[in-house]
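Worksheet: one structure, shown below.
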Amino acid sequence: MAAFGNAQLKLLEKLCNACAVSGDEGEVRQIVLEEIQGLADEVRVDALGNVLATKAGRGRNRPRVMLSAHMDEVGFMLVADDGDGLFRFEIVGGMDIRQLPGKAVLVGPDHTPGVIGARPIHLTTAEDRKRVIPLDALRIDIGPAGKAKLGQRATFATRFQRNGPVVIAKALDNRFGVATLIELLRNAPENIDLLAAFTVQEEIGLRGAKVAAHALDPDLGIAIDSTPANDLPAHDGEENTTYNTRLGCGPAIYIADGSTLSDPRLVRHLELSGEALGIPFQIRQPGGGGTDAGSIHKARAGVPSLSVSVPHRYAHTAALIARLDDWKNTLLLLQGGLSRLTRAVLAGER
Ligand SMILES: [Zn+2]
């Protein structure tokens, strides 16, 4: 069984502080390649930048299990230079532009510090402050000495912090998944062939997973991700029925999301594993959003797929918050579920 402690926390911190906006995942890829050195039978980086690492198990009739975790995060791309260190930018991935003004950012491979400028309260009217500033009126300001090139990415500058049972960071979606998959490779169950895919470009349409699933040709796929919780009590006293998932209730098993209907045999297998091992889990509420499973299940002639996520609050913003226990239980549930997995699970009734 995987150990869980300071080493895992350090790994998560390193991954969260790295910058890897979709299409520019090099920093996280480098960490992954270093961490998984010697853990797999074969490691390769494919044409799009996915890291594909395979580790064969032992014994007969082993299922080929693709485990996918996306390396990319939402962020910004510089698209026009207005001079004086001011850059126009586009959003990469899904983000609410109301949340952008006033946020510190890091630009390009040198992590040049900058800010998404916001006019101060002194210079705005009450009417101004009611309006959402459109994206084309926002600028990333790195100052006249700052060096940046068009096409470079920027991320939120939030540094990873821990406070007791919680961590606060940018990009927990999906550095939780990346760290989990590294740990699963470190403790690979011998009853399966583990096909690990650290994927690119998930946040802009599950693109890396599509080619990764084609190349790996698995019997089944599991996307490991991090999903919004929205579990705060409703402020007007009404019951919160839009929580999606809740912090502290364990890994979120998907039955359906905007891109996939989970394979019910895999859902049942994980539920039974969690119950047998005494690991808490929750069912993520159906709705929008998608994971790499959205691409994996449509690969080749079809791949039974499922997603499992660590819940967090404040998805796709500058700072997310999550519980370490939920991460630990996600790792334990996946490890327990995988070590009990046989081809018979997929031979069962749907
Ligand atoms: Zn994600």
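Which of the strands (runs of 3 or more DSSP E) contained wholly in segment 123-237 include at least 3 residues that are open to solvent by 30 Å² or more (accessible area, probe 1.4 Å)?
Filter on segment 123-237 gives 161-163.
Sort out which residues of segment 91-105 are surrounded by 12 or more Cβ atoms within 10 Å (Cβ to Cβ) and under 25 Å from residue 71 (Cα atoms), and write them in order of number.
Within segment 91-105, 91, 92, 93, 94, 95, 97, 99, 100, 103, 104, 105 qualify.
Within segment 80-90, work out how many residues are closer than 18 Å to residue 22 by Cβ and open to solvent by 60 Å² or more (accessible area, probe 1.4 Å).
Of the residues in that region, 1 qualify.
Considering only segment 24-74, how many residues are open to solvent by less than 60 Å² (accessible area, probe 1.4 Å), modelled with pLDDT of 95 or more and on the phi > 0 side of the Ramachandran plot?
So the count comes out to 1.
Does residue 164 qualify as being away from the ligand (no atom under 16 Å from the Cβ) and at positive phi?
yes
The values are calculated or read from the model by the stated rules, or taken from the named source; none is laboratory data. Model, not experiment: these values are computed from the prediction. Counting neighbours? That spans all protein chains shown, and the Cβs are built from the backbone with ideal geometry, glycine included. Side chains are part of the model used for accessible areas, which takes the heavy atoms of the whole protein and leaves out ligands, DNA and RNA. Shrake-Rupley method; radii C 1.70, N 1.55, O 1.52, S 1.80 Å.
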